[in-house]
Structure formats: structure tokens, C-alpha cells
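First up is the structure itself, then whatever we jot down about it.
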Amino acid sequence: MISLYLSGRTWLHAIPAGWKLIALALVSLTVAPFDSLPLMAGLVLATLALYASLGRAALAQVALLRPMWPLFLILLALHAWNGDVLLGLVVCLRILAMVLLANAVTMTTRMDAMMDAVEPLLRPLALFGVAPRAVALAVALMIRLIPLLFALWESLNESYRARTGRRGGWRLLAPFCIQTLRLSHHTAEALAARGGVPRGSRR
């Protein structure tokens with residue numbers, strides 16, 4: 001998970017995690033009702049411009065989305081079957097933009113900063129005996145793992161292509177699940193080695 005965090009200091013690193021998460025939520029809610037192809041294309045271009053402003057290391061992470069192309073093809077095929085290819089393009093562009101924006105947040109936000117931003121929203125859970133810090137960690141891990149899983153899939157696909165000269169496709173599902181379970185196990189071991197998750201808030 002750490003490998004996908006940009007160690008350099010950019011203007012997006014300087015923005016507090018809470019504001020970035022709020023902006024991501026607002027953009028998601030704002031674009032959801034619209035089915036405008038120019039609007040979604042503009043959103044993708046604006047997101048790519050954001051990546052460009054963060055430097056080459058950020059632009060290189062766009063390649064992690066290559067495993068999503070089969071999903072986009074399936075969505076386009078389904079919409080073509082229903083006679084609305086333009087809507088399919090809108091849906092694909094919307095998903096692409098939101099995944100890129102979510103990844104921009106994770107690659108410029110430290111795990112502890114993300115937890116600190118999420119934890120205040122979860123404090124009412126303490127009334128029911130649930131530790132807000134533990135839930136905040138789970139949410140932060142989930143957000144952080146999404147781009148890492150894309151990177152894992154791409155790594156497996158490149159290894160398969162180097163051996164066979166073809167893309168892995170469905171053949172990668174079994175090793176992908178195994179590697180995902182190993183990743184979960186290693187993450188749990190790392191947390192246990194650091195004393196686990198505190199049951200209460202740090203404050």
C-alpha cells in the first residue's frame with residue numbers, strides 16, 4: 001500500500017485529507033445525475049490535467065487502470081445491445097473519472113491523515129460499543145487497497161503475457177484471489193505486530 005503513495009510534496013499533498021474527501025464526495029454527487037458526454041469527457045480531461053500537475057510519477061499511475069478496460073467493453077456492449085452506445089460511453093467516462101479522482105486522493109494522503117479525517121464522522125458508533133478508530137482504519141484500508149489491487153492485477157497480467165504472449169483475462173482470477181488473500185494476511189500481521197488497532201480514539 002505504501003508503494004502507491006507519492007513520496008514527493010505536491011500542492012495536493014498540502015490540502016487536508018478531510019477537504020479532499022469532501023471534494024471527492026461532492027464531485028461524485030454532482031456528476032451522478034448528468035448523462036452528458038461532453039461533460040464527462042471534460043471531467044476526464046480535467047482529471048488527467050490534475051495528474052499532470054502532480055508530475056510524472058502521478059501520470060504513471062494512470063496505467064494502473066488498464067485492468068478496467070474489460071469492464072468498460074462489457075458496459076459498452078450491454079448498452080449497444082440496448083441501442084444506446086452514447087449512454088455507455090457516458091457511464092464508462094464517469095467511472096474512469098471517479099476512479100482516477102479517488103486514486104489521486106489516496107496517492108497524496110497518508111493513511112493516518114485519512115483515518116483522522118474519517119474518525120470524527122464515526123464517533124457516534126461509540127454509543128453502540130464500536131471503536132471509531134477501528135472502523136476508520138477499515139475505511140482507510142479499503143480506500144487505499146483499491147489502487148493496489150489494480151496494480152496487483154496488472155502485475156499478474158504482465159507476468160502472464162511475458163510467459164505466453166497473451167493477456168491473462170479470466171485465467172488470472174485464481175492467482176489474483178490467492179494474492180489478495182496473502183495481502184490481507186500480511187496486512188493483518190503488520191497490524192498485529194504494531195499492537196493492533198486501539199479500541200478507542202487517540203484523542
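The values are calculated or read from the model by the stated rules, or taken from the named source; none is laboratory data. Treat the numbers as computed from the prediction; the structure is a model and nothing was measured. Note: ideal-geometry Cβ built from the backbone for every residue, glycine included; neighbour counts use all protein chains shown. Side chains are part of the model used for accessible areas, which takes the heavy atoms of the whole protein and leaves out ligands, DNA and RNA. Shrake-Rupley method; radii C 1.70, N 1.55, O 1.52, S 1.80 Å.
Within the chain, what whole-number % of the accessible surface is contributed by carbon and sulfur, with the 1.4 Å probe and all protein chains included in the calculation?
Numbers: 8530 of 11930 Å².
It is 71 percent, rounded to a whole number.
Starting at the first residue of the stretch 37-48, write each ³J(HN,Hα) from the Karplus equation 6.51 cos²θ - 1.76 cosθ + 1.60 with θ = phi - 60°, in whole Hz, x for Gly and Pro.
Rounded to whole hertz, the list is 5, x, 5, 5, 5, x, 5, 5, 4, 5, 5, 5.
What accessible area per residue, rounded to a whole number of Å², is obtained for the chain using a probe radius of 1.4 Å? Present the calculation step by step, with values, prior to reporting the outcome.
On the way: 11930 Å² over 203 residues.
I get 59 Å² per residue for this part.
Could you sort the peptides 101-108, 174-181, 42-49 by per-residue average Cβ neighbour count (10 Å cutoff), highest mean leading? Kindly include the intermediate steps, with their values, before the conclusion.
Values: 101-108: 20.6, 174-181: 12.9, 42-49: 15.0.
So the order, starting with the most tightly packed, is 101-108, 42-49, 174-181.
If the viscosity is 1.002 mPa s and the temperature 20 °C, what Stokes-Einstein diffusion coefficient in µm²/s follows for the stretch 1-156 when Rh is the Kirkwood radius over Cα pairs? All intermediate terms of the calculation are to be shown ahead of the outcome.
On the way: Rh = 16.9 Å.
Estimated diffusion coefficient is 127 µm²/s.
For the stretch 5-19, what does the Karplus curve 6.51 cos²θ - 1.76 cosθ + 1.60, with θ = phi - 60°, yield as ³J(HN,Hα) per residue in whole Hz, taken in order and with x for Gly and Pro?
Along the stretch 5-19, the couplings run 8, 6, 6, x, 10, 10, 5, 6, 4, 6, 7, x, 4, x, 5 Hz.
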